[in-house]
Every structure is written in structure tokens, then in C-alpha cells.
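Shown next, in C-alpha cells, is the structure this report addresses.
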Amino acid sequence: MQTLTVDVFISADGWAGGEDSPGYFGYYGPELEEWITTESAQPQLVVFGRRTYEALAGLPEEARDEAWRRMSELNAVVFSTTLESVSWPNTRVCRSDLVAEVGRLKRESDVPLRTMGSLSVARQLLDAGLVDRLRLMTFPLLVGASGREPFFAGVAAADLELVDRRVLDGRVLLIEYRPTGRDIPRA
């Protein structure tokens with residue numbers, strides 16, 4: 001059985017983006033770049049939702065760096081009921097049920113699975129108990145009223161065990177959790 005890691009970049013107040021926020025919330029640095037390069041070099045099958053795939057595939061040429069090029073070459077599955085085709089090599093569209101198909105992929109894949117962004121996909125997989133690692137790249141800002149896409153909105157309650165933590169570029173906190181499957185303590 002392969003593992004599924006969910007990677008989400010969020011502000012300290014839980015937003016996956018802001019109306020005026022640049023990429024990486026404006027905190028891209030050499031250690032974050034190294035982390036992205038190292039993670040992209042690992043064998044993996046990337047699981048995307050349609051919106052994230054279209055946003056990444058549609059980046060203008062001047063915004064496409066080496067990390068983008070590597071990501072566009074990884075084996076990937078885009079879950080969508082409306083997308084007809086994809087332009088990236090090694091990428092396919094899947095119209096099947098997300099939870100059932102990811103469960104099958106975890107059982108049959110030769111490599112670990114990973115989501116990047118794709119918030120709706122990540123939430124559904126968390127709620128289905130399919131996520132083995134939840135990695136939050138937390139950026140040091142409060143997006144506040146300009147926030148869009150609150151990552152934790154609508155996610156079912158879950159007990160998490162801290163697996164690892166690391167500070168990148170002296171300001172960005174990478175926190176890795178493992179869902180325990182235990183019930184949440186209640187008052």
C-alpha cells in the first residue's frame with residue numbers, strides 16, 4: 001500500500017491564497033526552493049483537481065521556472081468531470097469517483113501519491129481517511145479579509161500526530177502531521 005501526502009501552502013490564518021497575494025505569498029526563498037526541488041525529484045504520482053491543474057498548466061511562459069517544468073513532467077492524474085484533455089505529458093484525466101480511484105491507486109501504484117494544492121480534492125481525501133501525511137507550509141502572514149479559499153472550511157474533525165517540523169528561510173514553517181484515526185477528545 002502506497003502513502004498519500006497532502007501538501008498545502010497556507011497563511012498563518014489558514015487561507016490558501018489572498019486576493020492580492022503573489023505566489024508563495026511573496027516569501028519564496030532559497031530553502032523553500034530547495035525543498036520544492038527535492039520533493040519534485042522524488043518518485044510520485046501527483047493527484048490534481050481540475051482548477052489547480054488548469055491554473056498551473058496555464059501559467060505564462062515567463063512564470064514557468066525549473067520547479068514548474070519538473071512538476072509538468074511528473075506522472076499525474078487530474079480528477080474532473082468536465083476537462084476533456086490535458087497538455088502535460090504523463091498526465092491523464094480521471095472521471096471516476098475520487099475516493100474510490102485514489103483508494104485503488106494507493107493499493108496498486110508503484111510510487112507514493114501526493115496532492116499539491118487542489119483543496120477540494122485534499123478535503124475529500126482527508127474526510128475519507130485516505131491521507132497518510134498532511135504537510136502544511138505555513139507562511140508568516142495574516143491574509144485577513146482578502147483571503148480566498150480557506151483550507152480548513154468544511155473539513156471533518158480529525159486527531160493529528162506531529163511527525164516533523166522545519167523552518168525554511170528563517171520564516172516559513174513546514175509542519176507534517178499524520179492522521180491518527182482516533183476520536184477527537186470532547187469536553
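Details
- Charge tally around Gly117: other residues with Cβ under 15 Å, Lys/Arg +1 each, Asp/Glu -1 each, net +2.
- Taking Cβ atoms as reference points and 12 Å as the exclusive limit, the residues near Leu136 contribute a net charge of +1, counting Lys and Arg as +1 and Asp and Glu as -1.
- Annotation: per residue accessible area for region 68-187 equals 54 Å², rounded to a whole number [probe 1.4 Å, protein chains only].
- Carbon + sulfur, % of accessible area of the chain - ligands and nucleic acids excluded, 1.4 Å: 50 percent
- Overall form of region 138-187 per C-alpha gyration tensor (a/c, 1.5; a/b vs b/c): oblate
- Overall form of region 1-41 per C-alpha gyration tensor (a/c, 1.5; a/b vs b/c): oblate
- Residue-averaged [θ]222 nm for the chain, counting only DSSP H segments that reach four residues, each worth -39500 (n - 2.57): -7500 deg cm²/dmol
- Net lengthening on full extension, Ala12/Arg104 (0.36 nm per residue, minus Cα-Cα): 29.7 nm
- Per residue value of the accessible surface for region 23-66 (all protein chains in place, 1.4 Å probe), Å²: 56 Å²
- Inter-site label distance for Ser146 and Leu160 at 7 Å from Cα along Cβ, in nm: 2.5 nm
- Cα gyration tensor shape of region 1-93, rounded if a/c is under 1.5, else prolate or oblate by comparing a/b with b/c: rounded
- Listed peptides 114-120, 97-103 by packing density, highest first (mean Cβ within 10 Å): 114-120, 97-103
- Evaluated over the Cα positions of the chain, the convex hull gives a direction-averaged projected area, one quarter of its surface, of 11.5 nm².
- Two-site FRET efficiency, Arg70 against Ile184, from Cβ-Cβ distance with R₀ of 45 Å, rounded to 0.05: 0.75
- Gain in span if fully extended, Ala63 to Val167, counting 0.36 nm per residue against the direct Cα distance: 34.9 nm
- Under 5 Å, built H, 5+ apart or other chain: amide partners of Ser118: Gly49, Thr52
The values are calculated or read from the model by the stated rules, or taken from the named source; none is laboratory data. What you see is a predicted model, and the numbers here were worked out from it, not measured in a lab. All Cβ positions, even for glycine, are placed from backbone atoms using ideal geometry, and neighbour counts span all protein chains on display. In case anyone asks, the SASA skips ligands and DNA or RNA and just uses the protein heavy atoms, side chains included. Shrake-Rupley method; radii C 1.70, N 1.55, O 1.52, S 1.80 Å.
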